[in-house]
1. Which ones in region 3-59 are part of a helix (DSSP H, G or I) and among the hydrophobic types (A, V, I, L, M, F, W, C)?
2. So is residue 175 open to solvent by less than 60 Å² (accessible area, probe 1.4 Å), at pLDDT 90 or above, within 30 Å of residue 75 (Cβ to Cβ) and not in a helix (DSSP H, G or I) or not?
3. Is region 85-104 home to any residue that is among the hydrophobic types (A, V, I, L, M, F, W, C), farther than 25 Å from residue 207 by Cβ and in contact (Cβ under 8 Å) with a residue 40 or more places away in the chain?
4. So, of the residues in region 133-172 that are assigned to a loop (DSSP other than H, G, I, E, B) and without any contact (Cβ under 8 Å) to a residue 60 or more places away in the chain, which turns out to be nearest to residue 79 (Cα to Cα)?
5. Which of (1) open to solvent by less than 40 Å² (accessible area, probe 1.4 Å); (2) modelled with pLDDT under 95 is the odd one out, the single condition residue 182 does not satisfy?
6. For residue 7, work out the one condition from (1) in contact with a helix residue (DSSP H, G or I) (Cβ under 6 Å, 6 or more places away or on another chain); (2) closer than 25 Å to residue 175 by Cβ it doesn't fulfil.
7. If you go through region 122-140 one residue at a time, do you hit one that is of a type in the set (Val, Ile, Thr), in contact with a His (Cβ under 7 Å, 6 or more places away or on another chain), surrounded by 15 or more Cβ atoms within 10 Å (Cβ to Cβ) and farther than 18 Å from residue 18 by Cβ?
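The values are calculated or read from the model by the stated rules, or taken from the named source; none is laboratory data. Fair warning: this is a prediction, and the values are worked out from it, not measured in the lab. Here Cβ is always computed from backbone atoms with ideal geometry, including for glycine, and neighbour counts include all displayed protein chains. Accessible surface is based on the protein model in full, side chains and every heavy atom, while ligands, DNA and RNA are left aside. Shrake-Rupley method; radii C 1.70, N 1.55, O 1.52, S 1.80 Å.
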Amino acid sequence: MTTALITGSTAGIGAAFARRLAADGHDLVLVARDTGRLREQATELHDRHGIEAEVLTADLAQDKGIEAVADRLGDRKNPVDLLINNAGFGNKGRYLDVSMADELRMLKVHCEAVLRLTSAAAEAMRERGRGGVVNVASTAAFVPRGTYGASKAWVVQFTQGAALDLAGAGVRLMALCPGFVRTEFHERAGMGTDNIPNWMWLDADKVVAAALADLARGKTVSIPDPRYKALMGAAKLVPRGLLGGFSSRTGRKYGPR
């Protein structure tokens, strides 16, 4: 029986990972800020799938929260075999419309926490000669679109670089880059979604299934849908200046209202 630790486990892609991994027989360490929701999730997954589900309440925007999760990842007596760095959020507003405190909080969660937790997990996994890390990024990483996209671009670059450095160590690292997924993400950020076309939406459970298949294949970047693979492929052919203007207009059309 292996153990997976999932940050941001109570909603969206994190909850989909929890459902799938529990159904596959993995024990879980569930990490989020809301203890009540964590306990409800742990009980449901235990009762439905017969797995052990540990609850760890932590705010990854705080050093104390990051340290608590890093300590759990470094526990050699109760090893974690798969880390899903999923916790994240979006800020409503363009650059300079968002407070510096909120921008720095995002970078803390999207970049510093991912770095520290990946490092804690990978060190223990390298000692055992096996393990995996999935860092949830976004297709926003591939287009010039504000601090959110920049933070997710960092996740992709960091993950690919770390994967190269750990090649041959038995540790797989992969950045997961979905497009729009039907979750609580936009609601929590106060972003309107009525103007996003139906064809752009992805199902969280299908995203997770594709991600786990890509991780098993040894991919270091996963774009889990043919539609977005085509869009990102086309984006590589467009000059960056032109792409930036298109991204800005698209963000205003399909982003927060």
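1. Within region 3-59, 13, 15, 16, 17, 18, 21, 22, 23, 38, 42, 45 meet the criteria.
2. Details: open to solvent by less than 60 Å² (accessible area, probe 1.4 Å): yes; at pLDDT 90 or above: yes; within 30 Å of residue 75 (Cβ to Cβ): yes; not in a helix (DSSP H, G or I): yes.
Judged against the criteria, residue 175 is a match.
3. Yes.
4. 170
5. (1)
6. Checking residue 7 against (1) in contact with a helix residue (DSSP H, G or I) (Cβ under 6 Å, 6 or more places away or on another chain); (2) closer than 25 Å to residue 175 by Cβ, the one that fails is (1).
7. Just the residues of region 122-140 that are of a type in the set (Val, Ile, Thr), to begin with: 133-134, 136, 139.
Still in the running and in contact with a His (Cβ under 7 Å, 6 or more places away or on another chain): none.
For region 122-140, residues of a type in the set (Val, Ile, Thr), in contact with a His (Cβ under 7 Å, 6 or more places away or on another chain), surrounded by 15 or more Cβ atoms within 10 Å (Cβ to Cβ) and farther than 18 Å from residue 18 by Cβ: absent.
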